[in-house]
Amino acid sequence: MNAEITQEEFTKIKDIPMVFILGKGRSGTSLLQNMLDAHPAIIGPQESKFVVLLYPRFSHIKKWKKSDILLFVECLYMEPLFANLWHIDKNELTKKLLSVKDFADYSVLCKIVYYQLRKGRENVLLISDKNPQYVLFIDTLLKIFPEARFVHIVREPRDNIYSHIVSFNDKNPVFRAYQWLEFNKIVERKKAAMQGRFFSVKYENLVSNPEAIMRSLSEFLGIPFSSEMARNKDAAVMNEQLAKSEMRKEGSRIHKELLRPVNTSNIGKWKNGMSEYARFITETITSEFAKETYGYEPGAEQISNVRLSRFKLLRGKSVYFMWQIFTRMRFKNFQFNLWYSKLKRFIKKDKLPLWEYF
């Protein structure tokens, strides 16, 4: 493989459009990313936040020096998800980035990083990236990639919060319910302000009729539909990826649905296991917006034996907004984020999933 990027290849990479998948965690963002990555002309890597993490440190550089490139690469490999899941040869990537330092900017350097995952794709038409927290950084993504488009996936709130409870032993449904509500409100506001830049899909429709949804999505993205998009990656492929990383056990448990064909088994799962308390909280916080915006109906059965004080709702809402403010703030400084991730690892003693450290 050529260690340097030619001018022709540089131009080709620079012109590849970007699409970002938005949605609260446990809404099907990983499934949708895998379905896009199955297309023979789309690069859809595993989750990483490197684009927004490194933006404050490197986006201002107009004329890249060798020392800038070397520092960029070092910081890139400090991000746990990138280091453990992407499996890009560090030396080779460094040589490629150095070969374009005289005429590249932050945006193109990021695309070159993505491009290393093309896996034999000769004619890449699109690069897709996903991370639930991208919802909070839509403006930053647009500063990096002004022509970017967005795919928003939303899931029935009770199924979403119940999935958090089951997957992460989450004991704070108030926080998660406000997160579902506010994440989707942010996206809806951006959609209204940027007509034609967003494609929205409900998780339930995606898994019930994957071919029709992916055909519509292909049309929105301006790429030819591929039948591979209508199914999930083969289990063997996913198992191979997980086997290479330290998150094999945790990833297999939390993303076990990625090892199966697209199916509807997770629709309405909350009915068989969600506590009345968690359901009451979720419906109290989300039901009005969920029904008006997405057509999700609240439960017909009334819950009479659960009480929720206004103080607890206000406190939960305050906690969520403090978290949102802190998350936006800390992403403005890479060194602070690095320190923060190490602190979380120390406090939790490696009990958090790898992707939670940043």
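The values are calculated or read from the model by the stated rules, or taken from the named source; none is laboratory data. This is a predicted model, so every value here is computed, not measured. Note that each Cβ is placed from the backbone with ideal geometry, even for glycine, and that neighbours are counted across all protein chains shown.
Here Arg260, Arg253, Arg315, Arg307 are screened, and the one residue that is under 30 Å from Glu79 (Cβ atoms), at pLDDT 70 or above and surrounded by fewer than 17 Cβ atoms within 10 Å (Cβ to Cβ) is Arg260. Residues in the range 279-311 that are in a loop (DSSP other than H, G, I, E, B) and in contact with a Pro (Cβ under 7 Å, 6 or more places away or on another chain): Tyr296 only. The residue of the range 318-358 that is surrounded by the fewest Cβ atoms within 10 Å (Cβ to Cβ), among those that are modelled with pLDDT under 70 and aromatic (Phe, Trp, Tyr), is Phe346. One residue is enough: does the range 171-181 have a residue meeting the conditions closer than 27 Å to Gln324 by Cα and outside any helix (DSSP H, G or I)? Yes - at least one qualifying residue is present in the range 171-181.
Residues of the range 153-181 that are surrounded by fewer than 19 Cβ atoms within 10 Å (Cβ to Cβ) and charged (D, E, K, R): Asp170, Lys171. Candidates are the residues of the range 22-70 that are without any contact (Cβ under 8 Å) to a residue 60 or more places away in the chain and assigned to a helix (DSSP H, G or I); the one that is nearest to Val187 (Cα to Cα) is Phe58.
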